[in-house]
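Heads up: the structure comes next, in structure tokens.
The values are calculated or read from the model by the stated rules, or taken from the named source; none is laboratory data. Treat the numbers as computed from the prediction; the structure is a model and nothing was measured. With ideal geometry, Cβ positions are generated from the backbone for all residues, glycine too; neighbour counts draw on all protein chains shown.
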Amino acid sequence: MKLLQKTAVFLLVFVLLMAAGTVCAQNETTSDILVIYFSRTGEQYTVGVIDKGNTSIVADMIADATGADMFEVLPEEDYYPYTYNALTDVALKEQREKARPAYQKENLPDLTQYSTVFIGAPVWWGDWPMIMYTFFENEDLSGKKLIPFTTHEGSGLSGFDKKLASAVPGSDVLDGLAIRGNDCQNRRDNVRTAVNEWLSKLGY
Ligand SMILES: Cc1cc2nc3c(=O)[nH]c(=O)nc-3n(C[C@H](O)[C@H](O)[C@H](O)COP(=O)(O)O)c2cc1C
């Protein structure tokens, strides 16, 4: 009987220690850096039909290098076409109407735990896709370091940094990075090098 009791106590202590260990491990691995991005698959300019979006490739590289958590901005209702010309029409209409398309919030982490947020999107008609403004206006990113990145086919950063700073008053916007979408699909090693050089200049 005594032996049974001892075994039971031992097992209980063991289980409690394991549980505590798991909690600690979770806390240790939780980053204070977040990568938020919007990106599309389907037919894209100069690259044909892609099954991983250009911006999502850069977002993965940033998260790999920094250990950041990730959040993909996905439309609540996905009415964006998967053919390039049709997509440009929808995007232009949204921009002209200053639309604020809704995004899915189910997997949005608690933003208060992050001090640095990398934020990326494709350049759409020289600007952030309108859904990103919905995000900036709905979520509290003030007081954080915000670091923009774009993928594009010629327009570069397109003032994403200044537009982000004015959409999120009280944030500290650092130097952004612009990568050619085509390079994401076809020259991935070069892109990784550019991403890593940019991160180390920023101190990450
Ligand atoms: C609606 C739309 C508008 C675009 N407007 C621009 C633009 O103004 N300047 C530019 O350089 N590229 C523009 N592009 C090209 C995209 O920025 C580029 O292909 C980007 O890498 C796509 O990223 P994604 O695969 O993450 O969605 C546009 C593409 C789309 C679909």
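Give the residues of segment 111-131 that are in a helix (DSSP H, G or I) and either closer than 15 Å to Val58 by Cβ or away from the ligand (no atom under 14 Å from the Cβ) (or both), sorted by residue number.
Result: Leu111, Thr112, Gln113.
Looking only at segment 133-153, count how many residues are more than 16 Å from the ligand (Cβ to nearest atom) and either touching an Asp or Glu at 6+ places or on another chain (Cβ under 9 Å) or modelled with pLDDT under 95 (or both).
Here the count works out to 5.
Residues in segment 65-90 that are β-branched (Val, Ile, Thr) and at pLDDT below 95: how many?
The qualifying residues number 0.
For Thr88, are the conditions met, namely being within 16 Å of the ligand (Cβ to nearest atom), surrounded by fewer than 20 Cβ atoms within 10 Å (Cβ to Cβ) and hydroxyl-bearing (Ser, Thr, Tyr)?
Against the criterion (within 16 Å of the ligand (Cβ to nearest atom), surrounded by fewer than 20 Cβ atoms within 10 Å (Cβ to Cβ) and hydroxyl-bearing (Ser, Thr, Tyr)), Thr88 qualifies.
Among Ile50, Ile62, which is within 9 Å of the ligand (Cβ to nearest atom), more than 15 Å from Trp124 (Cβ to Cβ), at pLDDT 95 or above and crowded, with 18+ Cβ neighbours inside 10 Å?
Every option except Ile50 fails the conditions.
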